[in-house]
Amino acid sequence: MKPSITILVITLAALAGQAHAHGDAGHARQPAVAAARAEQQPFGIAGDPKQVTRTIVFDMSDEMRFDPSRIQVRRGETIRFVARNRGRMMHEMVLGTAQDLQAHSELMKKFPGMEHDEPHIAHVAPGGMEEIVWRFNRAGQFDYACLVAGHFEAGMVGAVTVR
């Protein structure tokens, strides 16, 4: 093998071990990794765990519901979302705009094995718990949803009002 091809093969092999499929059970993110990749979104930006101002616990169920289904936050707050899966199937919590969540849901139907590792997504195995730390630095109406195929369409959505 040529040296450049060997380097490429070794690099790809190393990166493959770090990829996560959409349906994988363990998607814990290191806070430093999430913060390093913080990118402004219309609904906020990945938050610093040291600056959390409030924790909100969400229960997700196989009845395709979030509890609570509506929350209010103040602009500038950094929230720790704790997503608990009380069901027997995989669920997730994805923050976004209604339009973005709808588009992502359509992509998930076409590519159910899509890889994700964004700081505004928590994949939660049955009986498991995951966290998202998010800073709401823009006012508006935003949403959260489970985008596992069929869950969004079944009404597994919630609303965030940022004042």
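The values are calculated or read from the model by the stated rules, or taken from the named source; none is laboratory data. Remember, it's a predicted structure, so these values are computed and weren't measured experimentally. A quick note on method: Cβ atoms are made from the backbone with ideal geometry, for glycine too, and the neighbour counts reach across all protein chains shown.
With ALA46, ALA14, ALA35 as the choices, which residue is closer than 24 Å to HIS104 by Cα, modelled with pLDDT under 95 and of a type in the set (Gly, Ala, Ser)?
ALA35
What residue, among those in the range 112-158 that are acidic (Asp, Glu) and under 17 Å from LEU101 (Cα atoms), is modelled with the lowest pLDDT? Among residues in the range 112-158 that are acidic (Asp, Glu) and under 17 Å from LEU101 (Cα atoms), the one modelled with the lowest pLDDT is GLU115.
Would you please name the residue that is nearest to PRO49 (Cα to Cα), looking only at residues in the range 113-159 that are in a strand (DSSP E or B) and among the small types (Gly, Ala, Ser)?
ALA122
Contact map, the range 48-76: first residue surrounded by 13 or more Cβ atoms within 10 Å (Cβ to Cβ), second residue aliphatic (A, V, I, L, M) and part of a loop (DSSP other than H, G, I, E, B), Cβ cut-off under 7 Å, separation 6 or more or different chains; pairs are ASP62/MET89; MET64/ALA154; MET64/MET156; ARG65/MET156; PHE66/MET156; ARG75/ALA139. Residues that are among the hydrophobic types (A, V, I, L, M, F, W, C), modelled with pLDDT under 95 and part of a loop (DSSP other than H, G, I, E, B) do occur in the range 88-99, at least one of them. When restricted to residues that are closer than 28 Å to ARG163 by Cβ and in contact with a His (Cβ under 6 Å, 6 or more places away or on another chain), the range 91-123 contains 2. When you check ARG88 against the structure, is it touching an Asp or Glu at 6+ places or on another chain (Cβ under 9 Å), within 14 Å of SER61 (Cβ to Cβ) and surrounded by fewer than 22 Cβ atoms within 10 Å (Cβ to Cβ), yes or no? It is true that ARG88 is touching an Asp or Glu at 6+ places or on another chain (Cβ under 9 Å), within 14 Å of SER61 (Cβ to Cβ) and surrounded by fewer than 22 Cβ atoms within 10 Å (Cβ to Cβ).
So which of LEU101, LEU107, LEU95 is without any contact (Cβ under 8 Å) to a residue 12 or more places away in the chain, of a type in the set (A, V, I, L, M) and under 15 Å from CYS146 (Cβ atoms)? Only one candidate passes the filter, namely LEU107.
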